[in-house]
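Where a number appears in this text, it was derived from the coordinates with a stated rule and is not lab data. No experiment lies behind these values; they were computed from the predicted model shown. Cβ placement follows ideal geometry from the backbone for every residue including glycine, while neighbour counts extend to all protein chains displayed.
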Amino acid sequence: MAQRRFLAALERPGRVIVGAVAIWALATPLEAAAVSPLMLIAGAALGDMMIPIYNVSARTFRLAHVPKTLLGRVNSASGLLSSGSDLLGTAGGGLLIGLLGPRPVLWIIAGGLGLSALAAGLTDLRRQ
């Protein structure tokens, strides 16, 4: 029964995207509030597990909703934005950690992810 429900959820990549961002948002405070290495590892592992789930679901969503004639351009633009934001995020994160320290920066990241999950959850994406 649970397996059927899980497989049915995978047929709706929008829900998986919203869920992955929400779980990532909930995992980041574990890192920020970590009082032991095990808690830090648990938060990082849970958050990092959501990245490929999000990426695969986002690609599946694009494949299902973008016309084939535009798919190459949309995937290229998405990859460019994703790669570019990775570089800017790393540089900005390093700068913020130098200025504020790691815990406040992780709380800022958790807040941003929480807002992203909330925004995604309020769209039609969760129904698709």
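Full extension of the chain between S116 and M49 gives 22.4 nm of extra length, using 0.36 nm per residue less the Cα-Cα distance.
From least to most packed, judged by other beta carbons within 10 angstrom and beginning with the fewest, V105, V66 follow the order V66, V105.
Helix 102-121 and the long axis of the chain differ in direction by around 20°, with both axes built from C-alpha atoms. With equal scatterers on the alpha carbons only and no solvent term, can you work out the Debye log10 of I(q)/I(0) for region 13-127 at 0.12 1/Å? Result of the Debye calculation: -0.50.
What number comes out for the charge environment of R126, summing +1 per Lys or Arg and -1 per Asp or Glu over other residues with Cβ under 10 Å away? Result for the local shell: +2. Candidates V16, S83, V35 compared by Cα position along the dipole of the chain: farthest toward the positive end lies V16, with charges placed on Cβ. Among V21, V56, V35, the order by Cβ neighbours within 10 angstrom, fewest to most, reads V35, V56, V21.
Label-to-label distance for W107 and L71 is 4.6 nm, based on points extended 7 Å past Cα in the beta-carbon direction.
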